[in-house]
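See below for the structure under consideration.
Read the figures in this text as sums done on the coordinates, not as results from a lab. In this text the structure is predicted, and so the values were computed from the model without any measurement. Here the Cβ is made from the backbone with ideal geometry for all residues, glycine too, and neighbour counts use every protein chain on show.
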Amino acid sequence: MLPDGTYAAWFKTPLGQGTGIAHVQDGKIGGGDSIMSYSGSCEVDGDRFTAIITTKRHTEGHATVFGADELTMKLEGTCDGKIARYVGTAEQVPGVLLEGTLILSEQSVTAPEPTAPPPTFNPHRLPKLPKRSR
């Protein structure tokens, strides 16, 4: 199962590799990296998933891992817990295979709110050291 959440994304083709962030929520996928934004949808069947993702360049810069900017990708993958692996193709660049990994981000744990105020510091209540003779 591909759980809803935020994922660190790593992907590569024979032309290059990249990293980004992907958000999965209720069958929708969104995200981006330093030059591209991604959006689309996914379907989950047990530990397998499929997705259709479109990309769009938002910032000038280096070439993409496909060598093209606006793409429609078809992805197929599996997810076992917090790590998903997938392969995909883009119809605009036939014959180029995309491989990738998604790693589910952990939610940070916040400290519980105190239930009572902390005790007041009173230095006079500290134990006294014995007096030494000189």
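All conditions in (1) more than 17 Å from ASP4 (Cβ to Cβ); (2) touching a strand residue (DSSP E or B) at 6+ places or on another chain (Cβ under 8 Å) hold for PRO112, with the sole exception of (2). Within the stretch 61-87, the residues that satisfy the criterion of being within 16 Å of ALA51 (Cα to Cα) and among the polar types (S, T, N, Q) are THR72, THR78.
Of all the strands (runs of 3 or more DSSP E) wholly in the stretch 4-118, which have at least 3 residues that are surrounded by fewer than 19 Cβ atoms within 10 Å (Cβ to Cβ) and in contact (Cβ under 8 Å) with a residue 60 or more places away in the chain? Filter on the stretch 4-118 gives 5-13, 93-104.
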